[in-house]
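Only the coordinates and a few stated rules stand behind these numbers; no lab work does. Please read all numbers here as calculations on a predicted model, not as lab measurements. Counting neighbours? That spans all protein chains shown, and the Cβs are built from the backbone with ideal geometry, glycine included.
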Amino acid sequence: VYEHFKTELGSKGVTPEETCLLFACHGNPTRISKEGDPGSLYMQNNYAALHKTFSSQGFDTYLAYQNHGGKGTTFPQNLFPWSSPPDTEVVPRIAKAAGSHVLISGAISFVVDNSETLFDKAIDDRRMLNGKPTVVTPVFNDNPQFAKYLASVLASALDGTGPLLRNLKTSEH
């Protein structure tokens, strides 16, 4: 994230004090967390560490979940609560914040950019920022080294030599 800041904004004279960092995370219905899925807790813990690091450098940091349900959405998604705080509440606050630029990163919870995440971060969040200059950082699938790493992990799982093993059990019918 810091390297993207330096390349995309810092190289143009934008300072950390002029930059809002939005860490956009995958939203989920809250029942998933209540049923024991640790995803939201991991995202919150990772954000806390990133907030500590980046705010000490002068950045204004925010966490927002990209929800597709909860209050204010259409039926039936509006019937149950989702991760909080949602981007629909956080991004308008960033639009009014002192920082003149925004850097959006999905690195906490998104491994792969796809049409949904790209729409949420690059189009919908930008729309809510009311024209504030914005940079969206690519996630891991943009990095050829990450693809090579995944290929090696999967190959070692398939041949039984790595830390991940495929399940060879077959069910009888």
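Summing charges over all other residues whose Cβ lies under 13 Å from the Cβ of Met128, with Lys and Arg as +1 and Asp and Glu as -1, gives +1. The count of lysine pairs in the chain whose Cα atoms are under 24 Å apart, excluding pairs fewer than 8 places apart on the same chain, comes to 15. Helix 39-55 axis versus longest C-alpha principal axis of the chain: approximately 40°, rounded to the nearest ten. Amide H contacts for Val102 (H built 1.01 Å from N in the peptide plane; partners 5 or more residues away or on another chain; cut-off under 5 Å): Cys20, Thr134, Val135.
Each Lys or Arg adds one and each Asp or Glu subtracts one; over the other residues with Cβ under 11 Å from the Cβ of Ser100, this totals -2. Along its three principal directions, the equivalent ellipsoid of the chain from the Cα gyration tensor extends over semi-axes of 32, 23, 14 Å, largest first. Between Tyr47, Tyr65, Tyr149, the residue with the greatest mean-square fluctuation in the GNM of the chain (Cα pairs under 10 Å linked by springs) is Tyr149.
Largest GNM mean-square fluctuation among Leu41, Leu129, Leu21, using the chain with Cα springs under 10 Å: Leu41.
Give me the number: length gained by fully extending Gln44 to Arg93, i.e. 0.36 nm times residue separation minus the C-alpha to C-alpha distance, one decimal in nm. Each step should come with its number before you reach the end.
Numbers: separation 49, 0.36 × 49 = 17.64 nm, distance 1.92 nm.
In short, 15.7 nm is gained.
Overall, the chain carries a charge dipole of about 200 debye about its Cα centre when +1 sits on the Cβ of Lys and Arg and -1 on the Cβ of Asp and Glu, all other atoms neutral. Less than 5 angstrom separates the built amide H of Gly162 from those of Ala157, all sequence-distant by 5 or more or on a different chain.
Compared with the dominant Cα axis of the chain, that is its longest principal axis, helix 87-96 is turned about 30°. Other residues with beta-carbon under 15 Å from the beta-carbon of Ser11 carry, at +1 per Lys or Arg and -1 per Asp or Glu, a net charge of -1. Comparing Cα centroids, region 57-80 and region 120-166 end up 21 angstrom apart. Which of these, Lys71, Lys34, Lys121, has the largest mean-square fluctuation under a Gaussian network model of the chain (Cα springs below 10 Å)? Comparing Lys71, Lys34, Lys121 in the GNM, the peak value goes to Lys34.
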